[in-house]
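Below you will find the structure I want to go over with you.
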Amino acid sequence: MEIAAGILGTGTALPGKVITNHDLEKLVDTSDQWITERTGIKERRQAAPEETTSLLSAEASRKALAMAGLEPQDLDLIICSTISPDMPLPSTAAFIQTQLGAHPCCSFDLAAACSGFLFGATVAEQYIKTQKAKYALVIGAELLSRYVDYHDRATCVIFGDGVAAAVFGPVEPPSGILASEMHTNGAFADHLYIPAGGARKPASCETVTARDHYIKMRGNELFKVAVRSMEDVSRRVLEQANVCPDQLALFIPHQANQRITNAVRDRLGIGAEKVYSNISRTGNTSSASIPICLDECVRSGRIKKGDLILMSAFGAGVTWGGLLVRW
Ligand code: ACO
């Protein structure tokens, strides 16, 4: 009999410091009105210097494990989706594994930007279905404030810090992951990137002076790719599982921009009351955005057993992915 993989527990760790739109008005030529109208964001979190990606990941993971009724030693697989790792080497997943006190197990980082949590969920699903792992931890962890240029009004207003984790494991059908997809098209790589700090352009005095270690974004072009790709991948996972949009209990899109969410929702014909949004409080937390939403929905009782939940995301790469789950 085929094994179904599902989500057993979720947890979030947000830094305490809140950066409001009014705080950003003091740094760049922007306004609360512009940010609110163009993005839906009112505030975002920013990690303190001592708060690392792995530290917040371990905190979120402990909460997810507690909800799942599992111990760190039960984990066979740890995937940390991040584009803001503690260090280039070793993986942040290695730090998380040891901070949790998990047994040495297959632990690695996954770089798919904002789609990363859904990519990680799809990888975990394969491990569980093939019985190469019983319990897998997937973390979406981003401290993008460390890569945001607070001189660039086009990017610094969007991104926020946050981490969330989910424990995946075997579940009784009909619950579990019903369909998933992952896609990448590197032709749009120049829409969102960090030019320096990699092997192509290692750190030097020149790269620091040129502010090349910060995120560069072509927001307007990305906006259109985002709407098209999220609509497309959402339709594909729904079709795979033979599910109509009106059967959904909840749609959790990547929180990139409220206008992107609204456009995707309208194209798919999903009622606004079924769409979850927390972007006003968190900004765009990249790969953490979907698991943070998921955790908020689980803990507030918005998700009930048997609910059909659609998640879709896009991110730098560009990447895009979709996941359909029956809770
Ligand atoms: N405050 C005031 N004005 C601004 C700001 C700001 N913070 N940012 C840009 N502007 C100005 C621009 O300079 C431009 O001025 P101009 O007309 O005089 O040249 C004007 O506003 C319009 O700029 P656009 O870029 O066309 O504005 P747009 O409506 O597209 O909104 C935004 C910009 C919010 C970036 C939007 O394009 C967007 O959200 N795109 C998607 C970005 C995204 O999701 N990126 C993350 C991907 S996820 C990942 O992988 C990490």
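The values are calculated or read from the model by the stated rules, or taken from the named source; none is laboratory data. Quick caveat, the model's predicted, so the values are computed rather than measured. Quick reminder, even Gly has a Cβ in these numbers, built from the backbone with ideal geometry, and neighbours come from all protein chains shown. Each accessible area value is taken on the protein alone, full model and side chains, heavy atoms only, with ligands, DNA and RNA left out. Shrake-Rupley method; radii C 1.70, N 1.55, O 1.52, S 1.80 Å.
Of all residues in region 200-221, how many are open to solvent by less than 100 Å² (accessible area, probe 1.4 Å) and away from the ligand (no atom under 16 Å from the Cβ)? Even if it seems obvious, please write down each step before you answer.
At the first step, the residues of region 200-221 found to be open to solvent by less than 100 Å² (accessible area, probe 1.4 Å) are 201-204, 207-208, 210-219, 221.
Narrowing the set further to residues that are away from the ligand (no atom under 16 Å from the Cβ) leaves 201-204, 207-208, 210-212.
Final tally of qualifying residues: 9.
Which of the residues belonging to region 206-220 are in a helix (DSSP H, G or I) and over 12 Å from Ala154 (Cβ atoms)?
Glu206, Thr207, Val208, Thr209
Return the residues of region 131-162 that are of a type in the set (S, T, N, Q) and farther than 18 Å from Cys106 by Cα; say none if nothing qualifies. Talk me through it step by step, then tell me what you get.
So in region 131-162, the residues of a type in the set (S, T, N, Q) come out as 131, 145, 155.
Ser145, Thr155 - these are the residues of region 131-162 that are of a type in the set (S, T, N, Q) and farther than 18 Å from Cys106 by Cα.
Using the structure shown, decide if Lys134 is part of a loop (DSSP other than H, G, I, E, B), surrounded by fewer than 18 Cβ atoms within 10 Å (Cβ to Cβ) and assigned by TED's automatic domain parsing to the domain that holds His22.
Against the criterion (part of a loop (DSSP other than H, G, I, E, B), surrounded by fewer than 18 Cβ atoms within 10 Å (Cβ to Cβ) and assigned by TED's automatic domain parsing to the domain that holds His22), Lys134 qualifies.
OK, next. On the given criteria, is Val237 farther than 24 Å from Pro15 by Cβ, within 13 Å of the ligand (Cβ to nearest atom) and either open to solvent by less than 50 Å² (accessible area, probe 1.4 Å) or among the aliphatic types (A, V, I, L, M) (or both)?
Taking the combined requirement at face value, the residue does not satisfy it.
Now, a different point. Residues in region 39-76 that are over 17 Å from Ser289 (Cβ atoms) and either modelled with pLDDT under 95 or in contact with a Lys or Arg (Cβ under 7 Å, 6 or more places away or on another chain) (or both): how many?
Result for region 39-76: 2.
Follow-up. I'm told Ala124 meets every condition in (1) within 22 Å of Asp86 (Cα to Cα); (2) crowded, with 24+ Cβ neighbours inside 10 Å except one. Can you identify the failing condition by its number?
Just one mismatch for Ala124, condition (1).
Please state which of the following conditions His254 fails to meet, knowing it meets all the rest: (1) more than 11 Å from the ligand (Cβ to nearest atom); (2) touching a strand residue (DSSP E or B) at 6+ places or on another chain (Cβ under 6 Å).
The one condition His254 does not meet is (1).
Here is a further query. Tally up the residues in region 186-197 that are open to solvent by 40 Å² or more (accessible area, probe 1.4 Å), more than 13 Å from the ligand (Cβ to nearest atom) and part of a loop (DSSP other than H, G, I, E, B), please.
Matching residues across region 186-197 total 1.
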